[in-house]
1. Is it possible to state the helix-based mean residue ellipticity at 222 nm for the chain, with each DSSP H run of 4+ residues giving -39500 (n - 2.57), the sum divided by total residues, to the nearest 500 deg cm²/dmol? What is it?
2. Let's see if you can work this out: charge +1 on each Lys and Arg Cβ, -1 on each Asp and Glu Cβ, no other charges. What is the dipole magnitude of region 21-135 about its Cα centre, in debye to the nearest 20?
3. Could you work out the relative contact order of the chain? I mean the mean sequence separation of Cα pairs under 8 Å and 6+ apart, divided by the number of residues, in percent.
4. Roughly what percent of Cα-Cα pairs across the chain reach past 27 Å?
5. Which whole-Hz couplings ³J(HN,Hα) result when phi for each residue of region 194-199 is put into the Karplus expression 6.51 cos²θ - 1.76 cosθ + 1.60, θ = phi - 60°, listed in order with x for Gly and Pro?
6. Using the Kirkwood radius over Cα pairs, work out the Stokes-Einstein diffusion coefficient for region 215-260 at 20 °C and 1.002 mPa s, in µm²/s as a whole number.
7. Quick one: accessible area per residue over the chain, 1.4 Å probe, rounded to a whole number of Å²?
8. Give me the one-decimal nm value for the distance between modelled label points at residue 241 and residue 78, 7 Å along each residue's Cα-to-Cβ direction.
Amino acid sequence: MLELPRFTAAAVQHSPVFLDPAATVTKAVGLIEEAAGHGASLVAFPEVFVPGYPYWNWTMNPVQGSPWFEKLYRAAIEVPGPEVAELCAAARRHGTTVVIGVNERGRHSLGVIYNTVLTISSTGQLLGVHRKLVPTWAEKLTWTNGDGSSLRVHDTELGRIGVLACGENTNTLARFALLAQGEQVHVASYIALPVAPEDYDMADAIAIRTAAHAFEGKLFSVVATSTISEEMVDTIAGSDTAVRDMLGRKRNALSGIFGPDGRPVTEPLIDTEGIVYGEIDLARCIQAKQMHDIIGHYNRFDVFQLHLNATPQQPLVITGRPPEADPPPAPGGPAVPPAEWE
């Protein structure tokens, strides 16, 4: 008899300790402990929670923002690295699966930062290092593109978990690539975006995208969004009242858990800091899939077919390695090194 997981998920809606990776990881460890104390088996954190989002890309011109890029590069973390080890230890200590967004420093270039989402098992194993495929709009001033090698679903005791960062959840093909790998629990990470056009309701946008993926895929979706602290406003805006007012706009963060009918399983958290909890029962997905299973009977793969290039992309391939040559630099996580000897 098939038995499917049933468990409590937690979506964290908090601000980082801006541009301070050590302090932000300490805060994350405390939030993991708090969520586990409330019975959570899965804890989802916002996009680039460690150590924050480059809001200056939206409030400054590129020349003004360049020194801030350097600050973020210096504050970004390496994967694997000591901060990741601390997060893995916390997941293991509390028996929780953890999904968390980080700024990953590129090891092969002083100009490379990745928007990365880490998936950590309840035993403390780093299961996945997903690099955002395409930075959104002004984000292109900061982050380098990821590739298809990290667009993977991971088997856990909680089910098959897939992750996407922020605007990627608008990418129909990226979402289908996860669904077609048997995704059962989707984790979407976001940041508060008060710098968007004034008529853009970020909370609504997050809810719509989260509900759409849950309903289309007949799965559960956990969404976690960061908030903007007063410290961050002071750091980013300084004495610029227009920027301060912009960063203070409402309805720019929403976190929660959505079911296979597209509805939230509990009231989402909007704007305020906290942790929202919800029950995930994967058995609810079976009857829903009998109606619409877009990775099974409710599709025509003789008519439509998606190809995923999962080959890691690298700037240099060196052939004919001499025996005395030094090996290429160690990879930054599961992705292969930027230079590979053949």
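1. -8500 deg cm²/dmol
2. That gives region 21-135 a dipole magnitude of about 180 debye.
3. Relative contact order here is 20 percent.
4. 44 percent
5. Once θ is set to phi - 60°, the couplings for region 194-199 become x, 8, 6, x, 4, 8 Hz.
6. In µm²/s, the coefficient is 168.
7. Dividing the accessible area of the chain by its residue count gives 44 Å².
8. The two pseudo-label positions are separated by 4.7 nm.
The values are calculated or read from the model by the stated rules, or taken from the named source; none is laboratory data. In this text, all values refer to a predicted model and were calculated from it rather than measured experimentally. Note that each Cβ is placed from the backbone with ideal geometry, even for glycine, and that neighbours are counted across all protein chains shown. Quick note on the areas: whole protein, heavy atoms, side chains included, nothing else; ligands and nucleic acids left out. Shrake-Rupley method; radii C 1.70, N 1.55, O 1.52, S 1.80 Å.
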